[in-house]
Structures are given as C-alpha cells and as structure tokens.
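Taking it in order: structure first as structure tokens, then the write-up.
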Amino acid sequence: MLRFKRKNFFKTINFKIALVFALLLLITLEIVGAIFVKQLESKNIQDFKQAVQIPTYIDNSLAEQLTVSSTRKANGQIKTILSNYNNTNIDEIRVVDSKGTIRGTSDVNDQSVVGQKTTDRNVKNAIYNNRTYTKSTYDTQNNGRYYISIVPLYSSNSTGNSSQLVGVLYVRANMKSVYSTINNIMGIFVIASLVAMVLGLGLGIAIIIARAITRPIEEMKQQTQRIARGDYAGQVRVYSDDELGQLAKAINNLSIRVEESQESTEAERRRLDSVLSHMSDGVIATDRRGNITIINETASDFMDVTAEKAIGNSILDILKIRDDYSLRDLIENQDELMLDFSSNERDLILNAYFSLIQRESGFISGLVCVLHDVTEQQKIDNDRKQFVSNVSHELRTPLTSLRSYIEALSDGAWKDPEVAPGFLKVTQEETDRMIRMINELLSLSRMDSGTTRVDMELVNINEMFNYVLDRFDMILKKDDNPAKYYTIKREFTKRDLWVEIDTDKFTQVLDNIMNNAIKYSPDGGVVTCRLLETHNQVIISISDQGLGIPRADLAHVFDRFFRVDKARSRAQGGTGLGLAISKEVVQMLGGRIWVDSVEGKGSTFYISLPYEPYEEEDLWDDDSQA
Ligand code: ATP
Ligand code: MG
C-alpha cells in the first residue's frame, strides 16, 4: 500500500535515525559479547590448564624413575607410567632428564625419540633455569592451537628436605576443545546480534512506516476539522503518490472547491442582499412557522421596526394582522391584502402579496411577503372618486333648484308678472354657472391630459400686471353703486421684468386671485399687489384684508371644488375650481403658487415664475467686449 521512492526513503532522517539506533544496539551487543567471550575464554583456558595438569603422584613416580641408575629399566617404567596415565586433552607427554635426554614419550608412534637429546630450546631453558615454562602456540601446520607446559621434576631424597632437579616433564595439549566451544558461542552470538540488528532495523522501519502513514492521516484530519470550522486557507502536505497522497490531494481540492463555492454563495448572498435592500418594495421572508428570517430595509421602514427587532417575530405581529388572519389563511390563499399603516405623521397604504417558499417535494419551508406602497395610487383613486362625487354634487344642486323654479313656473307662476321675471333670472344664472363650471372642468381636463396649447411669449410682466389691475379699478369707477368698495395698492419693482408666459392663461390666473381677494374681503378693504424679482424668479403677491383661510385648509385651497365655506362661496357664485385651474396654469408655465394666511387678518397669494435677466447680461457682455 505504501510505496516509498527508494532513493528518497534511504535519504530520510527517519531512516538514518533507525540505522543509528540499530548500530548502537549492535555496538552494545558486540561490547557485551566481547567481554562475555573474553571472560569465557579465560575461564575455559583456566579449566583446561587444570585439566591438563599432571597429577603430583605421576610427577613423583617419574622423578623417582629418573634417579634410577639403570636407564633401560627406568625407561621401561616410564613408558608404563605414561601409558597408564590417560588424559584425552593431552597429545603428548615427554619425560626429559636433567642431561637433556628424552627418556620417554606418551606418543606410541614416536618411541624412536627415546634416548635422543632434546632439540627443544624451551626444554633446555627450563632445565637450565630450573623453572616451569608454559606457552600457547599456534601450529600453522595442523591449524591448531596448542598448550605447552614444561614442569621441572625433582627427586625427593630420604630426608625429604632438599630436592634436586632430575628432569622436566614436557606436556603438549591441543586446545581445540577450548576454542571450539568459544567459537560455537561466538557464532551463536554473531547470529543473535545480526538477528537483533535486523529486527531493530525492521522495527525502526516499521515505526517510520507507521508514522509515515499516520502523520498524513493526522494532518488530513486536522485540515478537515479546519474546513469544518470555515478556515479554508490551509493545505495538506502531499507526502507520496499513493492512495494517501491522492486522498491528501483530494482534500486540498475539496478545500479549494468548498472555499470557491462558499465565496460564490457569499457573493450571491451579497448580490441578493443589495438587490433586496435597494428594492422600492418591502420584502419579508419567514420560516415554516411564520417567523421572520429576512426583512429588507424598505419593509422595516414601512413597519417602522429595525430588522434586528423584526427577525424571529411572527409575520402576523409585524404586519399587525393577527386579529384578522392566521398563518394558515396566508398559506392557503395567497391573495393580496390591503394594509393601512397610516399614522398621524404619514399616510401609508400597502398591498401585501404572499407566496410560498416550496421545495421540489412540495414541502413548504416558508412564506415570502412583498409589500408594495400604494398610498399614492390609493390617493389618486380616492381623489378621482371624490372628484366624480363632487362634480355630481355640484351639478345636482343647481339642477334641483332649476327644476323647482321651472316647476313653480309651469305650475302657473309664469302668469304672475311679479315673480316670473325673477324666477327666470335665477334659472338663467344657474344655467350660466353650470356652463361656466363645465367649461372650467373641460379646461382642467385638457390640462390634465396635456392637450392644452400654450402660446408662450416674452411679456413685460410689469405692464401686463398693471393692465389687469387697471381693469379692476375700472369696474369700480364705471359702477355707480358697486356691491363692494376696495382699493388696489401697487408696490412694483422699478425694473422692467420680461418673462415668458401665455398671456391669456396668466391673465385668467391673476383675475381669479384678484376676484377671490375682493370676494373674500370686507367692504372697503385694501388689496396690495407686489411685483419683485430675485436672481432667477419673478414673484407676484396679492394680499387682502379678508377673513383669511384656516391653517388646516391652507393645503387644500388649490384642490378642485374645495371651498372653505361651501354654502357662502356657492352663494357668491363660485365653483371652487378657480384656484385649481390657476395652479395648473402656473405649473404649466414652470412656476409655483402658494398661499399664506392668518385667519381673520387676511391672505396673501404668491406666484413665482422662472426669470432670466438676460437682457442686462447681454448689455453687460457687450460692454465688456467693447
Ligand atoms: P371660483 O373661483 O371658481 O368662482 P371660488 O372662488 O369659490 O370659486 P377658488 O377660487 O378655487 O373657488 O377658491 C377656493 C376657496 O378658497 C374659496 O372658496 C375660498 O373659500 C378660499 N379662498 C380663496 N381665496 C381666498 C381669499 N383671498 N381669502 C379667503 N379665502 C379665500
Ligand atoms: Mg375664485
């Protein structure tokens, strides 16, 4: 399973350590062995020497024979003594007398030497020096180790005190038996130590191999644990090319893949997050139990809760529909709901669309709710409904009064010259008012649909405003007994202001505001008309000293059919469309209209129009060029 690259393996530190251990083991074993063998050798040699020692009684009897005068007889005795003595360790025993003559040998095949002079220098020396001599020799001829001992023989005389050298005993013993045991033991020892070394080396390699297997596995385990923790940075080291190496590569691959897919899901999530947070619709997602898991910014703005607070809460509570709906209702019929989140500060009407998050298996894992702001739409709808009801109402009132007058006339009042003209006048007035109202509605509808034609021309606004105001002064002058007296005060800028407007339509606007100012002012009131300019605007204001407009109604005076006091303004012949038309016209000319009023003190209507003081600039430009 584990294939090492041979060359690399033998180079590894691990192998070297194993080798050193094995060698140390071997050296220790060798030292122990050497000491042991040395001890054994010396003990064996000692034993051997003891074994080949000739017993004293033989020494004595041999020494005795050497003192016998009859050489022949003595030699015969010596021969008998030697042949009687049996020691397997001893190869040869020679008896040499003090004159150096060989007197006997245990070697049966070499009896011829008896009677000859010894040639052995050691024997001679022993005789001469009267001393014991031992040595071990190595006989190259026989390939054997021999032990030689030359022991002096002494005669013991009758007194037994003084002893005299009578010869020497030469003993030659083969040490084969000693060394063969040692060699055997040495052999066993060498084999044993070789086996120990091989085993040691084998064990070392086995440990290395085990480590080589377990280390990558351990590293891989740690890496997988790191991956599980979400740390993909590390890489497992690939030690080999085998299955473990492949596994390590696979794990490295896996961590890269997991990281990539994690990154891509993360990117996907961020993209989704940014899409969700930039949506103008609110999105809420819940889990199976209807608890919110995701809520985007728009939705939390709508609900006026932070995302942190909303998450984990039931969608029923966040949408405040728990009293009317259950989660089952939402899941089973995912119709849209209209939810009113209006408060004092803001109007907010939402359409909530529900859909299910469903797995392929059909298992419902949650709900998605999309909240669409329909406040504006709802307002437009309401306005339209209001408008239709207003129009019908506005027309019904004059029509019913017309009808009652006509009924009265047809019931006979036409014959009465006292009432008939008055009745007819009323019917004519009412009809006129209706025609006026229809015309105004038509012109408003044309402006709404954008089909109104505007004829823009550059007009000197000072002149034009003066012309309109002159007309109002004129009405007062021509009428001998006017219903109401008023004074018009003009506060105009000295500079001539040229503005691009549609003269007819703008005249209509000024007429309407002037009419209102007079209509809603007390008798003898002052109407102050101002004209001034800023760097890019012309501002016209018309102030009266009338009853003013309540604060709450200021925002509505430009609405169609709006009147502060319906009965009174209708009685004064108003339709409630004048300011609505004025607003449309001013906006069409690119300007703005607004009102400021203090109830009981008077109102001021302002109109601003875009203005470019180009004439002066042109002049100035010409000057600079000159
Ligand atoms: P119309 O102008 O169509 O004949 P109207 O004057 O009633 O009818 P608007 O000109 O649109 O209608 O004015 C709307 C309402 O605003 C009036 O009914 C009135 O209640 C109020 N209003 C307008 N101008 C003044 C003002 N100068 N002072 C007090 N209230 C005013
Ligand atoms: Mg009016």
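The values are calculated or read from the model by the stated rules, or taken from the named source; none is laboratory data. Note that this is a predicted model, so its numbers are computed, not measured. So basically every Cβ, Gly included, is an ideal-geometry build from the backbone, and we count neighbours across all protein chains shown. To get the accessible areas, we keep the full protein, side chains included, count just its heavy atoms, and leave off ligands, DNA and RNA. Shrake-Rupley method; radii C 1.70, N 1.55, O 1.52, S 1.80 Å.
Key figures for this structure:
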| item | result |
| --- | --- |
| Any hit, the range 586-595, residues being over 60 Å from the mean Cα position of the chain (by Cα) and within 10 Å of ligand 1 (Cβ to nearest atom) | no |
| Residue match in the range 532-541 (condition: buried (at least 19 other Cβ atoms within 10 Å of the Cβ), within 16 Å of ligand 2 (Cβ to nearest atom) and not polar (S, T, N, Q)) | no |
| Residue check for Ser401: open to solvent by less than 80 Å² (accessible area, probe 1.4 Å), without any contact (Cβ under 8 Å) to a residue 12 or more places away in the chain, more than 28 Å from Asp335 (Cβ to Cβ) and part of a helix (DSSP H, G or I) | no |
| Long-range neighbours under 7 Å by Cβ, at least six apart or interchain, first residue in a loop (DSSP other than H, G, I, E, B) within the range 60-88, second surrounded by 14 or more Cβ atoms within 10 Å (Cβ to Cβ) and not basic (Lys, Arg) | Val68/Ala74; Tyr85/Ile58; Asn87/Val52 |
| Among residues of the range 323-351, those that are closer than 14 Å to Arg289 by Cβ and assigned to a loop (DSSP other than H, G, I, E, B), counted | 1 |
| Residue match in the range 187-195 (condition: at pLDDT below 80 and open to solvent by 40 Å² or more (accessible area, probe 1.4 Å)) | no |
| Yes/no for Ser582 being within 8 Å of ligand 1 (Cβ to nearest atom), touching a Phe, Trp or Tyr at 6+ places or on another chain (Cβ under 7 Å) and of a type in the set (S, T, N, Q) | no |
| Scope the range 134-164; condition modelled with pLDDT under 85 and within 23 Å of Lys99 (Cβ to Cβ); matching residues | Ser155, Ser156, Asn157, Ser162, Ser163, Gln164 |
| Among the residues listed as Phe302, Phe354, Phe341, Phe363, the single one being out of contact with any helix residue (DSSP H, G or I) (no Cβ under 9 Å at 6 or more places or on another chain) and open to solvent by less than 70 Å² (accessible area, probe 1.4 Å) | Phe302 |
| Counted residues, the range 376-396 - those being open to solvent by 50 Å² or more (accessible area, probe 1.4 Å) and not charged (D, E, K, R) | 9 |
| Test: residue in the range 281-288 that is charged (D, E, K, R) and closer than 12 Å to Leu367 by Cβ | yes |
| Output for the range 463-478, where each listed residue is open to solvent by less than 70 Å² (accessible area, probe 1.4 Å), over 20 Å from Gly574 (Cβ atoms) and not aliphatic (A, V, I, L, M) | Phe465, Asn466, Asp473 |
| Number of the condition not met by Pro610 [criteria: (1) under 60 Å from the mean Cα position of the chain (by Cα); (2) near ligand 1 (Cβ under 9 Å from one of its atoms)] | (2) |
| Selection count, the range 545-572, where residues are open to solvent by 20 Å² or more (accessible area, probe 1.4 Å) and either within 16 Å of ligand 2 (Cβ to nearest atom) or under 22 Å from Phe472 (Cβ atoms) (or both) | 17 |
| Among residues of the range 520-531, those that are open to solvent by 10 Å² or more (accessible area, probe 1.4 Å) and of a type outside the set (Val, Ile, Thr), counted | 6 |
| Counted residues, the range 209-260 - those being touching a residue at least 60 places away in the same chain (Cβ under 8 Å), part of a helix (DSSP H, G or I) and either open to solvent by less than 50 Å² (accessible area, probe 1.4 Å) or more than 26 Å from Lys16 (Cα to Cα) (or both) | 3 |
| Some residue of the range 553-569 being more than 8 Å from ligand 1 (Cβ to nearest atom), closer than 29 Å to Asn481 by Cβ, out of contact with any strand residue (DSSP E or B) (no Cβ under 7 Å at 6 or more places or on another chain) and part of a loop (DSSP other than H, G, I, E, B) | no |
| Residue that is nearest to ligand 1 (Cβ to nearest atom) [pool: residues in the range 492-509 that are open to solvent by less than 70 Å² (accessible area, probe 1.4 Å), touching a residue at least 60 places away in the same chain (Cβ under 8 Å) and not aromatic (Phe, Trp, Tyr)] | Val509 |
| Whichever residue in the range 1-58 is at pLDDT 80 or above and among the hydroxyl-bearing types (Ser, Thr, Tyr) and, among such residues, is surrounded by the most Cβ atoms within 10 Å (Cβ to Cβ) | Thr28 |
| Flag for Met437 being in contact with a strand residue (DSSP E or B) (Cβ under 7 Å, 6 or more places away or on another chain) and of a type in the set (A, V, I, L, M) | no |
| Meets criteria (closer than 25 Å to Phe561 by Cα, touching a residue at least 24 places away in the same chain (Cβ under 8 Å) and open to solvent by 50 Å² or more (accessible area, probe 1.4 Å)) for Lys489 | no |
| Odd one out for Asp511 among (1) of a type in the set (Asp, Glu); (2) within 26 Å of Asn462 (Cβ to Cβ); (3) away from ligand 2 (no atom under 12 Å from the Cβ) | (3) |
| Condition met for Ile295 (of a type in the set (A, V, I, L, M, F, W, C), at pLDDT below 90 and open to solvent by less than 50 Å² (accessible area, probe 1.4 Å)) | no |
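To keep it simple, each residue is scored yes or no on (1) assigned to a helix (DSSP H, G or I); (2) open to solvent by less than 60 Å² (accessible area, probe 1.4 Å); (3) among the charged types (D, E, K, R).
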position: Thr427; (1), (2), (3): yes, yes, no
position: Arg436; (1), (2), (3): yes, no, yes
position: Asn439; (1), (2), (3): yes, no, no
position: Leu444; (1), (2), (3): yes, yes, no
position: Arg453; (1), (2), (3): no, no, yes
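Results for (1) under 24 Å from Ser443 (Cα atoms); (2) more than 15 Å from ligand 2 (Cβ to nearest atom); (3) in contact with a strand residue (DSSP E or B) (Cβ under 7 Å, 6 or more places away or on another chain), shown as yes or no for each residue.
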position: Gly576; (1), (2), (3): yes, no, no
position: Glu584; (1), (2), (3): yes, no, no
position: Gln587; (1), (2), (3): yes, yes, no
position: Gly590; (1), (2), (3): yes, yes, yes
position: Ile593; (1), (2), (3): yes, no, yes
position: Val598; (1), (2), (3): no, yes, no
position: Ser603; (1), (2), (3): no, no, yes
position: Tyr611; (1), (2), (3): no, yes, yes
